[in-house]
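*Asks:* Before anything else, here's the structure in question.
The values are calculated or read from the model by the stated rules, or taken from the named source; none is laboratory data. Computed from a predicted structure; not experimentally measured. Here the Cβ is made from the backbone with ideal geometry for all residues, glycine too, and neighbour counts use every protein chain on show. Ligands, DNA and RNA are stripped out before the accessible areas are found, and what is left, the full protein with its side chains, is counted by its heavy atoms. Shrake-Rupley method; radii C 1.70, N 1.55, O 1.52, S 1.80 Å.
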Amino acid sequence: MIPLLIYVAIFLVAYVIVHQLRRRIRRTDFTSLKTVTFGDESAVRPDRAASVISVVTIFLLWGAFTGSDWLPRWLHAPGPFEGVATFDYTAETPDGQRDTATVTVLVHPIDQEVAAPEVAPGEGWAKDDSATVGVWRSGLIRVDRNDELGRDEGAQVVAVDGQPIAPGDSVQTPFGRVGMSPKGTLNFEPKKGWQMEPIWLPPPEAVVARIVEIAREGFRGSTLWEHLGYSLMRVVLGFVCGALVGIPLGYAMGLSDWFRGWFDPIVEFMRPVPPLALIPLVIIWAGIGETGKIILLFLAALWIMAIAARAGVSGVKISKVHAAYSLGASKAQIMRHVIVPNSLPEIFTGARVAMGVCWGTVVAAELVAAEKGAGMMIMVASKFQNTDIVIMGIILIGVIGFGIDILMRYAERLLVPWKGKG
């Protein structure tokens, strides 16, 4: 929640600052000359400054909340406590005798093995203790194990740092929380701070290092490029098959009452069904080989492309059709020169959505008996809690998907230059 609040605060502050600066600079582009821009899609363009600030903000938050070495220390969020922690405990015997001792805890990095610090036992029947606990971890400390009067003699811990404690309670100390189990054993949990543990979110340099390592050495017998190539091949094949079937189906539904009535219930029924729900059925029908994966991606793209083509046909202005008929055009000519050109913008929009859904489904498609693929890397790494590989796979899938989307936008500008021009 804290990173989200910081992100929202940065968004608002950046918006105010950038717009205040731009008010002092007179704009002379075409959009600035328009008197009405709200609701005009042609007047909305990506703000490059906002894009740069957004990406930089995400990177800074990622580095700040993971203690990245790529950022200066003053940008780091408060990290977990590491070092020597101490707290006092007070034990009481059944006859009312009390004594206080000190517990010294060495809080160390979790990837290191250390010995408990040596401490003098001190005076009194309650003896000083020492223990070790890893950062982001907690540990039980049997403080009475070296006391002259311990649990076996009926002595119980009744206070920590002078604050009363009972089984099930806890006390906050300057170094962390000290709780008591139902049996009376103390449990020390050092302060965790705001930073994320690497097992949940590794720093960016760890992810980059993992990308370099896998690019050089491969992963489970295949190179990184082979994994990405197999995922891309499956997505492209599934998308192309879905488009080849879905676009003609959408045209037929948009032009024929019979096709619309016949296939509309099927399309509208399957449209909200997530592709992941079809995995068991696809495995039963097509097995666990490549065919099943392609079929799953085909079904992910099919309904989206059919609906996009149907919407494209339905969105053709009837005045254009009447004008073509008045000029003596046949149905084939109307289809070629009116319906297809005017429906292409909707089809390209649907294609971008379908490609995104296919990329989101490929991880699940490669979950079943896949030997290569980015999704396979993610699923295998998640089983061994290799979060850096999981994030690496997510980033690579996102980058490739974004690149494909840019190519499709470029193709749309070349093939459909009339989009948004009436």
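*Asks:* So which helices (runs of 4 or more DSSP H) stay within the stretch 322-385 end to end and still have 3 or more residues that are under 17 Å from Val416 (Cβ atoms), touching a residue at least 12 places away in the same chain (Cβ under 8 Å) and small (Gly, Ala, Ser)?
*Replies:* The helices (runs of 4 or more DSSP H) meeting that bar are 340-365.
*Asks:* Moving on to the next point. Return the only residue of Ala166, Ala155 being aliphatic (A, V, I, L, M) and surrounded by fewer than 18 Cβ atoms within 10 Å (Cβ to Cβ).
*Replies:* So the residue among Ala166, Ala155 that is aliphatic (A, V, I, L, M) and surrounded by fewer than 18 Cβ atoms within 10 Å (Cβ to Cβ) is Ala166.
*Asks:* Okay, next question. Can you name the number of the only condition in (1) within 18 Å of the chain's Cα centre (by Cα); (2) at pLDDT below 85; (3) open to solvent by 80 Å² or more (accessible area, probe 1.4 Å) that Ile394 fails?
*Replies:* (2)
*Asks:* Show the residue pairs that are 6+ apart or on different chains and have beta-carbon atoms under 6 Å apart, the first residue being within the stretch 105-120 and closer than 20 Å to Arg177 by Cβ, the second being surrounded by 12 or more Cβ atoms within 10 Å (Cβ to Cβ) and of a type in the set (D, E, K, R).
*Replies:* Note: pairs meeting the criteria are Val107/Glu82.
*Asks:* Now for a different question. Here is a list: Leu201, Leu244, Leu232, Leu224. Which entry is farther than 29 Å from Thr291 by Cα, within 32 Å of the chain's Cα centre (by Cα) and either open to solvent by less than 20 Å² (accessible area, probe 1.4 Å) or of a type in the set (A, V, I, L, M, F, W, C) (or both)?
*Replies:* Testing whether each residue is farther than 29 Å from Thr291 by Cα, within 32 Å of the chain's Cα centre (by Cα) and either open to solvent by less than 20 Å² (accessible area, probe 1.4 Å) or of a type in the set (A, V, I, L, M, F, W, C) (or both) leaves just Leu201.
*Asks:* Regarding the stretch 104-119, can at least one residue be identified that is open to solvent by 20 Å² or more (accessible area, probe 1.4 Å), touching a Gly at 6+ places or on another chain (Cβ under 7 Å) and of a type in the set (A, V, I, L, M)?
*Replies:* Checked against the condition, which is being open to solvent by 20 Å² or more (accessible area, probe 1.4 Å), touching a Gly at 6+ places or on another chain (Cβ under 7 Å) and of a type in the set (A, V, I, L, M), the stretch 104-119 yields at least one hit.
*Asks:* Out of curiosity, is Asp144 surrounded by 14 or more Cβ atoms within 10 Å (Cβ to Cβ), at positive phi and in contact (Cβ under 8 Å) with a residue 24 or more places away in the chain?
*Replies:* So Asp144 fails the test.
*Asks:* Considering every residue within the stretch 262-276, establish whether at least one is aliphatic (A, V, I, L, M), surrounded by 18 or more Cβ atoms within 10 Å (Cβ to Cβ) and closer than 16 Å to Ala354 by Cβ.
*Replies:* Within the stretch 262-276 (the criterion being aliphatic (A, V, I, L, M), surrounded by 18 or more Cβ atoms within 10 Å (Cβ to Cβ) and closer than 16 Å to Ala354 by Cβ), the answer is yes, since at least one residue qualifies.
*Asks:* Another question, if that's okay. Given the criterion of a type in the set (Gly, Ala, Ser) and closer than 29 Å to Pro94 by Cα, identify the matching residue among Ala155, Ala206.
*Replies:* So the residue among Ala155, Ala206 that is of a type in the set (Gly, Ala, Ser) and closer than 29 Å to Pro94 by Cα is Ala155.
*Asks:* Sticking with this one: I need every pair where a residue in the stretch 189-201 that is part of a loop (DSSP other than H, G, I, E, B) has its Cβ under 9 Å from the Cβ of a residue that is among the acidic types (Asp, Glu), sequence separation at least 6 or different chains.
*Replies:* Pro198/Asp388
*Asks:* Same structure, new question: Would you please name the residue that is farthest from the chain's Cα centre (by Cα), looking only at residues in the stretch 70-103 that are within 12 Å of Gly134 (Cα to Cα) and open to solvent by 60 Å² or more (accessible area, probe 1.4 Å)?
*Replies:* Val84
*Asks:* Please specify each residue of the stretch 295-321 satisfying the condition of being open to solvent by 40 Å² or more (accessible area, probe 1.4 Å), assigned to a helix (DSSP H, G or I) and charged (D, E, K, R).
*Replies:* Scanning the stretch 295-321 gives a single hit, Lys320.
*Asks:* Keeping to the stretch 387-422, report how many residues are touching a residue at least 12 places away in the same chain (Cβ under 8 Å) and not in a helix (DSSP H, G or I).
*Replies:* Qualifying residue count for the region: 4.
*Asks:* For the condition more than 24 Å from Glu268 (Cβ to Cβ) and open to solvent by 10 Å² or more (accessible area, probe 1.4 Å), what is the one hit in Arg352, Arg336?
*Replies:* Arg336 is the lone residue from the list that is more than 24 Å from Glu268 (Cβ to Cβ) and open to solvent by 10 Å² or more (accessible area, probe 1.4 Å).
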